[in-house]
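Inspection log for the structure reproduced underneath, given as structure tokens.
The values are calculated or read from the model by the stated rules, or taken from the named source; none is laboratory data. None of these values were measured; they are calculated from a predicted model. Using ideal geometry, Cβ is built from the backbone for each residue, glycine included, and neighbour counts are taken over all protein chains shown.
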Amino acid sequence: MASTETKASPDAGNHGDLAGLEAGLDALETVQTGRTPLRQTLVQKVLPPLIAIALVLVVWQALISFKVVDDPTKLPSPGDVWAEVEDAWLEGKLLGYIWTSVSRGLLGFLMALAIGTPLGLLVARVRFVRAAIGPVLSGLQSLPSVAWVPPAVIWLGLEPSMMYAVILLGAVPSIANGLVSGVDQVPPLYLRAGRTLGAKGLLHTWHIVMPAALPGYLAGLKQGWAFSWRSLMAAEIIASSPELGVGLGQLLENGRTVSSMSMVFLAILLILIVGIAIDLLIFSPLERWVLRSRGLLVKS
């Protein structure tokens, strides 16, 4: 009598295992496209910095309340600094301080971007140029930005062009070196593949080199902005003139001149807030886009 039981073949079992493995790999590679819930965003991204700020304010006020620092000329209370904010706002000067510096910083950074990008490509792609000015760019990047203020004042006078010259001298080397580093990290296979597909000259640079070097280039841009902002603050602190207006650096120097620590702290806080805001609004989204485009970021 023939058996009615059906035996599973070894090939069928192996096929099922492979199918299960492929399904598992597909699940791992699936990118979560759903939006993060608002509550989760608030808890993970908004709440931690708010807690940190609250702790700083508590410690700050504790130093005043418990007489650890009882000299207001050395450490003003948070209330004194807030009163300085209110006075500047009521006088209509607060936004003017911020806009004067931010407009200069962003315009100077865009100018540095326009100069530093082609310079970085030239240094990265031409050996003679790298040997000639590569070390100079590295040396300029390590030179303190404040060192450029005196010669810029002598050359250009107390004019807005002096501010932009200091920004360019501080930011261009960082942007160029960042792009050089990014190009150096491009796999040679990408370059050969691009040439094989017919990409040459500017097309090769635009479609192959720049996208592949984007992570290093973006790091150079972030550092370039930091140098732009610090260079501008140094120029505003040292060089003052009615024609230049009052920016955040000049506000800081005015506080030192009149021995007003509350004004000094106001200027420091505004400089810090602007730096954080630029990073959160411009560079952090760019970083997330670059990581996501390369499959390195699952959730934003």
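Some notes on this structure:
- Taking (1) in contact (Cβ under 8 Å) with a residue 12 or more places away in the chain; (2) in a helix (DSSP H, G or I); (3) more than 20 Å from Trp60 (Cβ to Cβ) in turn, Leu281 satisfies each apart from (1).
- Matching residues, the range 77-121, being closer than 19 Å to Ile273 by Cα, loosely packed, with under 15 Cβ neighbours inside 10 Å and under 18 Å from the mean Cα position of the chain (by Cα): Ser103
- Every test in (1) more than 30 Å from Ala267 (Cα to Cα); (2) at pLDDT below 90; (3) exposed (fewer than 13 other Cβ atoms within 10 Å of the Cβ) is passed by Gly157 save one, and that test is (1).
- Residues being within 20 Å of Phe109 (Cα to Cα) and among the β-branched types (Val, Ile, Thr) - total across the range 239-281: 6
- Arg130 vs. criteria touching a residue at least 40 places away in the same chain (Cβ under 8 Å), part of a helix (DSSP H, G or I) and over 17 Å from Ser228 (Cα atoms): yes
- The criterion of being crowded, with 17+ Cβ neighbours inside 10 Å and modelled with pLDDT of 90 or more holds for Leu221.
- Cβ-Cβ contacts under 8 Å between residues 6 or more apart (or on different chains), taken from a first residue in the range 138-156 that is in contact (Cβ under 8 Å) with a residue 24 or more places away in the chain to a second residue that is assigned to a helix (DSSP H, G or I) and charged (D, E, K, R), are listed as Ser145/Arg230.
- There is no residue in the range 239-260 that is touching a Gly at 6+ places or on another chain (Cβ under 7 Å) and either basic (Lys, Arg) or assigned to a helix (DSSP H, G or I) (or both).
- Selection from the range 284-298 of residues that are in contact (Cβ under 8 Å) with a residue 40 or more places away in the chain and either surrounded by 14 or more Cβ atoms within 10 Å (Cβ to Cβ) or part of a helix (DSSP H, G or I) (or both): Leu286, Glu287, Val290
- Test: residue in the range 194-208 that is out of contact with any helix residue (DSSP H, G or I) (no Cβ under 6 Å at 6 or more places or on another chain), assigned to a helix (DSSP H, G or I) and aliphatic (A, V, I, L, M): yes
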